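One structure is given below, encoded as structure tokens.
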Amino acid sequence: MACAARIRDDVAPRIAAFTERHGRPPGLGVVLAGQNPASEVYVRNKIKTVAGAGCRAELFRLDQSAPVEEALALVRRLNADEAFDAILVQSPLPEGMGKDAEQRIFDAVDPAKDVDGFHPFNVGLLVQKRPALVACTPLGCIELLEREGIAMKGRHAVVIGRSDIVGKPMAMLLLHRDCTVTICHSRTAGLPEIARSADILVAAIGRPGFVTRDFVKPGATVIDVGINTLTDEADVTRLFAAGSKKRAAFAEKGSVLVGDVHPDVEEIAGAVTPVPGGVGPLTVAMVLRNTVTAAELRATRKAAM
Ligand code: NDP
């Protein structure tokens, strides 16, 4: 069974127990502002998975032109609503909300309901190795490594990307599993050589096919976090060989989803996560698990008061 499906199965008894004990299921409120087509797909998948597992999952939409104050007011309303244990604000927010909108809104989410683990309080707990709610994408990647029995202790892990959402929490989770971690970014000198020394290589860059064979040590485990949509035939032709699956998918649909890792890497790596169908479904499974974790943690805290 695929890893994401096993995570969903593992969480099922926790949902049943919570619902029986509290007379309601764990609840997730999802805030979606504007009409970003990719966000629509992500949000639909998250709600379908969380609701399909027996939790409550409700979507709250805001107009493309909504001011940041409206989003903040909605988050405060969800913070105060006892039916919601978890709040997810889908990124990116419309540009009209302002440059610092994302940070302001993530900071406004009650840390106890912070299903994405983006609040500074939860980031601090992660850094101190006492995690409560951790960012879903890196958490999903770690879950995969653990469930697949990939050794981490003493291994060299290289994370390409240093975002707050993926790169940094990924590095921290690997560090806490006793990897020796190198974090790379757009200013890193000699990137292919550093990447080539990795036993575990995580690509979270946002550049299609960026990680090629010369970035990868033979036998290394490669996790491809990137999700990039190619719509230009020239890009597809440049990146993928004639007769390849990606070319065929593009010919059929006029666009194709590709990761940050070039498909040729499969020939040299020990294992590579596919795009689509790899880290994406794991992220969604972790939204479900974090919703249940948030509900349980809140119930425990209330009982202790
Ligand atoms: P960001 O744009 O926030 O960060 C990208 C990182 O990549 C930055 O740290 C940047 O470096 C680095 N980078 C960019 N260009 C290069 C380069 N030429 N060489 C080395 N490093 C480079 O992206 P995110 O972290 O949010 O997302 C990364 C990818 O993962 C995207 O494709 C995104 O769509 C995908 N994603 C997938 C998810 C899933 O569920 N599968 C969830 C979240 C994201 P610098 O800091 O120097 O600018």
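Observations on the model:
- Cβ-placed point charges (K, R +1; D, E -1), dipole of the range 138-218 about Cα centre in debye, nearest 20: 180 debye
- Fully extended contour minus Cα-Cα distance, from Asp214 to Glu20, at 0.36 nm per residue: 64.5 nm
- Pairwise inverse Cα distances across the chain, averaged and inverted, put the Kirkwood hydrodynamic radius at 20.3 Å.
- Among Leu32, Leu257, Leu88, residue whose mean-square fluctuation peaks in a GNM of the chain (springs only between Cα atoms under 10 Å): Leu257
- Here the label points at Asp178 and Lys129, each 7 Å from Cα along the C-beta direction, are separated by 1.1 nm in the simple model.
- Using only side-chain charges placed at the Cβ, +1 for Lys and Arg and -1 for Asp and Glu, the dipole size of the chain relative to its Cα centre rounds to 640 debye.
- Per-residue HN-Hα couplings for the range 97-108 [Karplus 6.51, -1.76, 1.60; θ = phi - 60°; Hz; x = Gly/Pro]: 6, x, 5, 9, 4, 4, 4, 4, 6, 4, 5, 7
- Which listed pairs, of Lys113/Lys168; Lys168/Lys246; Lys153/Lys217; Lys48/Lys129, have C-alpha distances above 23 Å, in listed order: Lys168/Lys246; Lys48/Lys129
- Qualifying trypsin sites (Lys or Arg not before Pro) in the range 50-135, DSSP loop, other Cβ atoms within 10 Å at most 15: Lys99, Lys129
- At R0 = 25 Å, FRET efficiency that the Cβ-Cβ distance of Ala73 and Ala2 yields, to 0.05: 0.05
- For the chain, modelled as a GNM whose springs connect Cα atoms under 10 angstrom apart, the maximal fluctuation among Gly206, Gly117, Gly243 occurs at Gly243.
Read-outs throughout are calculated quantities, based only on the coordinates presented, and are distinct from any laboratory measurement. As the structure is a computational prediction, the values presented were derived from the model and not from experiment. Neighbour counts are summed over all protein chains in view; Cβ atoms, including those assigned to glycine, are modelled from backbone coordinates with ideal geometry.
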